[in-house]
Amino acid sequence: MSSKYQKLHIMHIGLMTGGIIGVWSFISGLVEGLSGFVDPNTFDANQALGPLPWIFITALLQTLIITWYIQRTQLAGKKLGIVVFILIFGVQFFMSQIETIYFLDSIQIPRQLIFGQILAGIGVGFLVALLSVRYRNKLDELQDNPKNGFINLPRNVVITQFTILAFVYTLIYYFFGYFIAWQFPALREYYSGSTDLVPFLSHMQVQLAEEPGLIIFQIFRGYLWAGIAYLATMNLPKAKTWERFVIVGLVMSIGLAFPILVPQKYMPTPVRLRHFPELLSSNFVFGVIASWLFTRKNTHPISNKNLKDSTRKK
């Protein structure tokens, strides 16, 4: 690795990590002052930002993963920026907040805090997208990197695989939720008001009978997660098989799991700490499964030949 490459890499990591923290902090503070949207007497921007060390860890991990992704993707310019924005905003902000809205009665988080998170996510997503394009352009100046378009599967294959993954995600959601998070009395009491633990099958029967809407909602989220995994997986032709699995798994899990470690008053510490391993492991596993399904040899293996064939018509 040349000294120029090392310098570029270090500067990029520092700039993106600091930028994420800065934009997240600035927009959170800005939302506090928008009296037309929030009540400044009740909204605390520090709740949106959280203690700096946890935000720093989350920002650094996100930077390292996205940097790895940029080094293995064939995308550049606007196309790279669009994909990176979706990966950052979709995983860390949008997908987490739509579930927060669903469980709003249990969590009791002010709506203005959710609004602040979404707005901060848009800002962070744009910043990371711009810095990713800049980093890729700098890399291209140091080495010869092919610039190509999106790699796509046939539409009928995409529909089938998205549907499979939507149900796979729902199964993973309930399986990991029950056997990791739901095993802790504090978490059961927080969401249900009871510490009683029933067997898994009985638990699912209760879910089907009392809250079928949650299952439908998770299937819907499964389609969205499949879309995010599709964008991440199909644009990594330069990655080895194990790299692709790890990158997609981390992209799908780090941004979702680590922010929950940030201390805040709306979710007790025992509940947050029990959710962390559940979210990290379940979404990582889902990312690996999705990556494998999208790149099976009998569907559309990612290779240099496929990369050329898929981009020749762009």
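A simple rule links phi to the HN-Hα coupling: the Karplus curve 6.51 cos²θ - 1.76 cosθ + 1.60 with θ = phi - 60°, which for segment 105-110 gives 5, 7, 7, 6, 8, x Hz, with x for Gly and Pro. For Ile159 and Ala186, the difference between the fully extended length at 0.36 nm per residue and the C-alpha to C-alpha distance is 5.8 nm. Full extension of the segment from Lys138 to Tyr5, taken as 0.36 nm per residue of separation minus the current Cα-Cα distance, would add 47.0 nm. Sequence-ordered 3J(HN,Hα) estimates for segment 2-15 from the Karplus curve with 6.51, -1.76 and 1.60 and θ = phi - 60° stand at 6, 5, 5, 5, 4, 5, 4, 5, 5, 5, 5, 4, x, 5 Hz, glycine and proline given as x. The simple spin-label model puts a point 7 Å past each Cα toward its Cβ; for Ser106 and Trp292 those points are separated by 2.9 nm. Pairs of lysine residues in the chain that meet both criteria, 8 or more places apart or on different chains and Cα atoms under 14 Å apart, total 14.
Global dimensions of segment 203-245 from alpha-carbon coordinates: Rg and Dmax equal 16.1, 47 Å. Each label was represented as a point 7 Å from its Cα along the Cα-to-Cβ direction; for Phe26 and Tyr266 these points are 2.4 nm apart. A convex hull fitted around the alpha carbon atoms of segment 3-311 yields 139 Å³ per residue.
Based on DSSP H segments of at least four residues, each scored -39500 (n - 2.57), the chain has a per-residue ellipticity at 222 nm of -24000 deg cm²/dmol. When +1 charges are put on Lys and Arg Cβ atoms and -1 charges on Asp and Glu Cβ atoms, the dipole computed for segment 3-311 relative to its Cα centre reaches about 1480 debye. Across segment 141-292 the C-alpha pair distances fall into 5 Å bins from zero in the proportions 2, 9, 15, 18, 18, 14, 10, 7, 4, 2, 1, 1, 0 percent. Mind checking the angle between helix 212-234 and the chain's longest principal axis? C-alpha axes, 0 to 90 degrees, to the nearest 10. The angle comes out near 20 degrees. Selection among Ile107, Gly121, Gly287 by position relative to the dipole of the chain gives Gly287 as farthest towards the positive end (Cβ unit charges, Cα centre).
Could you identify which residue out of Val198, Val23, Val124 has the top mean-square fluctuation in a GNM of the chain using Cα springs shorter than 10 Å? Its mean-square fluctuation being the largest, the pick is Val198. In this calculation the C-beta distance from Asp196 to Trp242 is compared with R0 = 41 Å, giving a FRET efficiency of 0.45. Placing one equal scatterer on every Cα of segment 62-139 and applying the Debye formula, the log10 ratio I(q)/I(0) at q = 0.11, 0.18 Å⁻¹ is -0.34, -0.70. Amide H contacts under 5 Å for Gln74: Lys238, restricted to partners 5 or more places along the chain or on a different chain, H placed in the peptide plane at 1.01 Å from N.
The numbers here are math on the coordinates, done by the rules we state, and not lab data. Owing to the predicted nature of the structure, the values given are computational and were not obtained by experimental measurement. We place every Cβ from the backbone using ideal geometry, glycine too, and count neighbours over all the protein chains shown.
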